[in-house]
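A short reminder: the numbers here are calculations on the coordinates, not readings from a lab. Treat the numbers as computed from the prediction; the structure is a model and nothing was measured. Neighbour counts run over all protein chains shown; Cβ positions are idealised from the backbone, glycine included.
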Amino acid sequence: MAQINEKIAAEVENIEHVLAELPEADAIENLSPLELAGVAALIHNFYNGVENILKQLILSRELKIPEGSSWHKDLINISVTNGLISSSVAKLLREYLAFQHFFSHGYSFDLDANKIILLVKQIGHTYNCFAKDIKHLLKDS
């Protein structure tokens, strides 16, 4: 269990570093397209860190990491089904999953500043709820 705690602690540190780099939501509408793409990359990094934590928790319980085209969505569902995160946290995370999918498969010139503003406004709350579930889970292990 010590090894998983170390891996999760490293991901938490990375996520918190990403969150510290995000600009305030009210500054986003004044960003250049390049700067907006940078903010989008940070949001993508945030969600990637969340997924890395979920994968570590799933592996630690000797469950199978989902595969196939819907594995990202399935990862959240498996995490809820196995009590790793609450359904309310899963609902919050699905917004970031949808954005991650768009960011990975779309073009930066199609980024919507208003959508990014909403995600940035909600990211702290989402992270705190996620972190609370994970801390509670690790405490009980």
- For region 12-49 and region 94-138, compute the distance between their C-alpha centroids and round to whole Å. 10 Å
- Taking the chain as a Gaussian network, where each spring joins two C-alpha atoms under 10 Å apart, which residue of Phe99, Phe46, Phe109 fluctuates the most? Phe109
- Message: To test your reading of the geometry: what angle, between 0 and 90 degrees and rounded to tens, separates the Cα axis of helix 71-81 from the longest principal axis of the chain?
- Response: 50 degrees
- Item | Inter-label distance for Asn114 and Thr81, nm, one decimal - labels placed 7 Å from Cα along Cα-to-Cβ | 3.7 nm
- Of [x] 48, 38, 28; [y] 84, 27, 23; [z] 46, 30, 24, the label for Cα extents along the principal axes in Å derived from the coordinates: [z]
- Count neighbours as other Cβ atoms within 10 Å of each site's Cβ, and list the GluC sites (Glu not before Pro) in region 38-103 that are DSSP loop with at most 11 such neighbours. Glu62, Glu67
